[in-house]
Every structure is written in structure tokens, then in C-alpha cells.
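First up is the structure itself, then whatever we jot down about it.
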Amino acid sequence: MQVFERQFIDGHWQSTQGRELVLHNPATEAPAAIVRLGSIADVDAAVAAARAALPAWSVTSFQERASILATAAGILQAQAGSLAESFAAEIGTPISVAKRLQVDTAIRLFHEAPRWVQARTGDDHLDRTLVSHVPIGVVACIAPWNYPLYLSACKVVPALLAGATVVLKPSELAPASIVAMADALHRAGLPKGVFNVVFGTGVEAGERLVTHPDVDAVSFTGSTGVGRRIAELAGRELKKVTLELGGKSPSIVLAGADLPRAVNSTLQKCLQNAGQTCAALTRLLVPDADYAAACSIAAAAANAIRVGDPLDVATELGPVISAKQRDQALALLQQAMDEGASLVAGGPDRPAHLPRGYFIAPTVVGMQDRDLAITRTEAFAPILTVQSYRDEEEAIAMANGTPFGLSGAVWAADESEALRVARRIRAGSVSINGAATHPDAPFGGFRHSGFGRERGAYGIDEFLTTQAFNR
Ligand code: NAP
């Protein structure tokens, strides 16, 4: 059993008095690790270390910061195999994709972020006035468990490059890669106190961090409910906040689009990491005439997916992270069926060959043009809904008909037609005919999916502020 006993504060792994949390392997339900939770005193020590380290770090050269991060990336790269195994054991991400989804994406940030920061460094000249972009100060980064290393790196890497100092409160449910990141930054020569980690509960360690008077900004990724609470708390202290929250993202297939490609790709995006992906395309919207064909394509694809042990290289879909996550998703599915949705593939019964583990079969539910709770509520599970629409206006209204606005997709025979419809979707990123996200493009939400942006030069602005020197 792995034990994570300590918090990374002021350049050292420090013992802590907090209570123990036992983590279970989601595929076997067996106890797999123990995490010692950090206390309020640990948060206070971490913030004090970050505050003390700020003056010296904020005036280091950009090259010095980028070089430390490049060295840390190399250290992490050397452990890519064991990190991928830790994601399979902690979260249930299949080993066949864990390295690409969870490790490579994170390490890429260490190489890409220097380019983004460079776009925002240097002074602007307005006649004789100088406008400098300066680090925002001490940043609290709060991250979830579904992509622990990548989502933490999305905050930590640009913040450090911008010259800010950081206290990270990751999810205590997936600690291994965060310990590796702290070790890598330390071994790469990051000065003590610049980066600190406190594992702890959101309610205790998280809220203390958000309200701490020495924290200047909060960068949060997680659920909409917690995001609202953090915005309230940070608002009272007038702290800058970035919120990357939940989604219920639509995939609109326009008449004449390549239906099999659109359906298969949407299903694949929906099921990634067992559906535990904020930007997952969870709502497939097809023309009335294509509804039956779309359901049968989705059913065939879902039924062909190999569900099982995340450590087996043949596995395509692992379990969800916990019994709580599984039970919430299945309750939402049951409600949809009670409200009249029809099961196209999968369903609430556990896959017959998997007697243990928090497994949910890849599930597709059809409801033609009906709008049910499951089309408005994040399931965070491998469940795709299929709805049909009469015309383009109805498709756009359905796409925008949830409180969220994180991402979306549009499929059409003609790219300009797809772009015209995509411009009317109220979401931070929209994919046209399956195009992948550009690494320098901003990522973030509209409405209940949050505000602020990550990635690209746009994301760097969250960690900088300006100072004007009028001469
Ligand atoms: P969560 O429950 O909101 O937790 C996220 C983080 O916030 C965890 O570290 C959590 O700590 C902490 N937290 C909880 N309550 C807090 C509080 N009152 N004050 C401060 N911190 C608090 O989300 P999750 O279940 O871990 O992750 C899934 C959610 O994240 C989904 O809604 C998903 O859509 C969203 N998400 C969004 C993005 C994006 O980029 N937009 C990316 C990935 C995930 P504890 O672990 O102790 O609760």
C-alpha cells in the first residue's frame, strides 16, 4: 500500500498532523493508498513560504524560469511509464491511453508555456509611459482528480513562468503524479517556497487557501457548485479568480454531414477517461431523419468497446473513480429512463464479466427531441444522450439549452456552414468536423462553465497584472 504522508512546503516534504484518508483502487475496490491530509496550519505555512519566496522569484529572468521548467519536464518524462500506471491505479484511466492523455499532455505544457509567456513579457510603450506586465503575486491553485497532473500543470507551469509563486491544493484522491511534479521541480532547482503542495479537503485546506489574506489570486478547476462557493469567498476578499468548471457539451450533426464519423467521434470524446472529462461531448444532436441511424451507429460502437482492468493493455474503458461517482451517475441514468428515455446501449447493470470495481458499461440513451434532467446535468460517466431536432434553429437552441458553455462540436458537409452554426454556440471552444484543439488556443467557459482562460498567451494574463509608469 502506498503512503503519502507529507506536504511539500518551503522546499521540503514536511510531516503533518492531519487525519488519514484511505484510497481505493477503482477497478478492484481494494484499499490501495493512504493520504495524510494537510491542516489549516499546513496551508498557512505554505502560503507564508510562497509569500517569502515571491520577491526573489518575481525578478528572476524569464530564461532562468523556463530552464528550470524544461529540466523538470525531462525528469517527469523519464518517469512517464510509472506515472501512467499510477493513473490507471488511482483513477482507472486505461494504461493504453494513460501516457498520452495524462502524462504527455502535461509534459507538453512545460514546453509550450514558455512560448505563451514570452508573448506577454517586456514593457509596452505608450509615448513616454511604460506599461509593465508583472506577476500577480501568490497564487492558490486548486485542482480536481480527473486529470490531476495535466490540470495542475495548466495552472502551475504558466504561473511559475509568469513569476508568481504557488500553493497547489490538488485533489487528495490522486496524489502520485503531484508528488512526482513537486519532486521534479525541486530537483530541477526551483528555489524553496516558490512551489508548495498541500493535500487536504476542499472545505478545510481549500477554503483556508481561498480566503488567506496573503493569497492574491485563485485559479480553480472543478465543479460548478464548488466554483460558485470559491467565487463568493474570494469575492469577499476581492481576490482575482479564474474558474474552469463543468460542462454538458453538445455535438451538433448537420444534415449532410458524415454521420458515422460524427457519431463515432462524439462517442469516443464522450467516453474518454470513462466520461470523466469536463469538455466531453455528452449530447449528440442529430436531424430527425438521422435519429434511428445515429442510435444504431452509436449502439454498435458502444457495444464493441472493451471494458475492464485499466492495467490490461487491451482495455479501452476503465471504471469511474469511486462508488459515489458511479452511484450518482446511475441515479441520473435511472431518472432518465423513468422519464421516458430509451436505452440504446449499456445501462445501469454492471458489466457481467466485472464482479468488482466501479464500472459503468458504455451507455447510450435516446430521447428524440425530449429535454430531460440528464441532458442538463453533468453525469461525469460514460453516458451519451442522443436527441433529434427539426431544424437548425432548434438544434442551436438545444445546444445552448443548458446552464453550461464549456465546449461543443459541429459537423457539416461544408466547413463554412459548420463555422456559421458554431459561432452561435455559447461555449469557450467549438470543434469543427472533429478538429483537435490548437495548443495555443485559450480554453475556458461561458456561463456556469466559469470564467477566465487557460492555455496560450490568453491564459498567462490570469497570472500577470500591469503597472503603468507615467513619465
Ligand atoms: P470538485 O468537487 O469541485 O473539487 C475540485 C477541487 O476543489 C478539489 O481539489 C476539491 O477538494 C476542492 N474543493 C472542494 N470544495 C472546496 C471548497 N469549498 N473550497 C475550496 N476547494 C474546494 O470537483 P471534482 O469532483 O474534483 O472534479 C470534477 C468536476 O471538475 C466536474 O464538474 C468537471 O466538469 C470539473 N472539471 C472542469 C474542468 C475545466 O477545465 N473546465 C476540467 C476538469 C474537471 P476535495 O477533493 O477535498 O473535495
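Find the residue count for region 145-170, including only residues that are assigned to a loop (DSSP other than H, G, I, E, B) and buried (at least 24 other Cβ atoms within 10 Å of the Cβ).
Residues in region 145-170 being assigned to a loop (DSSP other than H, G, I, E, B) and buried (at least 24 other Cβ atoms within 10 Å of the Cβ): 6 in total.
Against the conditions (1) β-branched (Val, Ile, Thr); (2) touching a residue at least 60 places away in the same chain (Cβ under 8 Å); (3) not in a strand (DSSP E or B), where does Thr16 fall short? Just the number, please.
The failed condition is (2).
Scan Glu237, Glu232, Glu244, Glu207 and give me the residue that is of a type outside the set (A, V, I, L, M) and at pLDDT below 95.
None of the others qualify; the one that does is Glu237.
Determine, yes or no, whether Ser219 is among the hydroxyl-bearing types (Ser, Thr, Tyr) and surrounded by 24 or more Cβ atoms within 10 Å (Cβ to Cβ).
Criteria met by Ser219.
Restricting the search to region 430-451, which residues are surrounded by 20 or more Cβ atoms within 10 Å (Cβ to Cβ) and among the small types (Gly, Ala, Ser)?
Across region 430-451, the qualifying residues are Ser431, Gly444, Gly445, Ser449, Gly450.
Kindly evaluate Ala435 against the criterion of being more than 18 Å from Phe220 (Cα to Cα), away from the ligand (no atom under 13 Å from the Cβ) and not in a loop (DSSP other than H, G, I, E, B).
When the stated conditions are applied, Ala435 does not pass them.
When you scan region 32-42, do you find a residue that is in a loop (DSSP other than H, G, I, E, B), without any contact (Cβ under 8 Å) to a residue 40 or more places away in the chain and either more than 24 Å from the chain's Cα centre (by Cα) or not assigned by TED's automatic domain parsing to the domain that holds Gly202 (or both), even just one?
No, region 32-42 contains no residue that is in a loop (DSSP other than H, G, I, E, B), without any contact (Cβ under 8 Å) to a residue 40 or more places away in the chain and either more than 24 Å from the chain's Cα centre (by Cα) or not assigned by TED's automatic domain parsing to the domain that holds Gly202 (or both).
Restrict the check to region 171-180 and report whether at least one residue is in a loop (DSSP other than H, G, I, E, B), closer than 30 Å to Arg426 by Cβ and either more than 7 Å from the ligand (Cβ to nearest atom) or among the β-branched types (Val, Ile, Thr) (or both).
No, the conditions are met nowhere in region 171-180.
Of the residues that sit in region 394-425 and are polar (S, T, N, Q) and crowded, with 17+ Cβ neighbours inside 10 Å, which one is farthest from Ser251 (Cα to Cα)?
Once the filter is applied, the top-ranked residue is Thr402.
Taking the residues in region 371-397 that are part of a loop (DSSP other than H, G, I, E, B) and away from the ligand (no atom under 16 Å from the Cβ) as candidates, determine which candidate is nearest to Phe359 (Cα to Cα).
Leu372
Based on this model, can you work out whether Thr465 counts as assigned by TED's automatic domain parsing to the domain that holds Lys240 and in contact (Cβ under 8 Å) with a residue 24 or more places away in the chain?
Answer is yes for this residue.
Filter region 21-45 down to the residues that are of a type in the set (D, E, K, R) and under 17 Å from Tyr358 (Cα atoms) and list them by number.
Glu29
List pairs: first residue in region 154-170 and touching a residue at least 60 places away in the same chain (Cβ under 8 Å) and of a type in the set (A, V, I, L, M), second residue assigned to a loop (DSSP other than H, G, I, E, B) and within 16 Å of the ligand (Cβ to nearest atom) anywhere in the structure, Cβ distance under 8 angstrom, at least six positions apart or on different chains.
Taking only residues 6 or more apart or on different chains, the pairs are Val167/Val198; Val167/Val215.
How many residues does region 154-170 hold that are within 16 Å of the ligand (Cβ to nearest atom) and within 16 Å of Phe8 (Cα to Cα)?
So the answer is 6.
Can you give me the ranges of the strands (runs of 3 or more DSSP E) entirely in region 187-277 with at least 2 residues that are away from the ligand (no atom under 16 Å from the Cβ)?
It comes to 249-253.
Residue-wise test of (1) within 19 Å of the chain's Cα centre (by Cα); (2) buried (at least 23 other Cβ atoms within 10 Å of the Cβ).
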position	(1), (2)
His12	no, no
Val22	no, no
Ala52	no, no
Trp57	no, no
Gln63	no, no
Ala88	yes, yes
Arg100	yes, no
Ala106	yes, yes
Phe110	yes, yes
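Being buried (at least 16 other Cβ atoms within 10 Å of the Cβ) and not in a strand (DSSP E or B) is the filter here; which residues of region 1-10 pass it?
Arg6, Asp10
Condition (residue is in a helix (DSSP H, G or I), in contact with a Gly (Cβ under 7 Å, 6 or more places away or on another chain) and within 16 Å of the ligand (Cβ to nearest atom)) applied to region 95-117: is it met by at least one residue?
No, that holds for no residue.
Here are some residues: Ala294, Ala314. Which one is among the small types (Gly, Ala, Ser), more than 19 Å from the chain's Cα centre (by Cα), in a loop (DSSP other than H, G, I, E, B) and farther than 30 Å from Pro442 by Cα?
None of the others qualify; the one that does is Ala314.
Please go through region 163-178 and pick out each residue that is polar (S, T, N, Q) and farther than 22 Å from His212 by Cβ.
Answer for region 163-178, where residues must be polar (S, T, N, Q) and farther than 22 Å from His212 by Cβ: just Ser177.
The values are calculated or read from the model by the stated rules, or taken from the named source; none is laboratory data. Being a predicted model, the structure only gives us computed values, none of them experimental. A quick note on method: Cβ atoms are made from the backbone with ideal geometry, for glycine too, and the neighbour counts reach across all protein chains shown.
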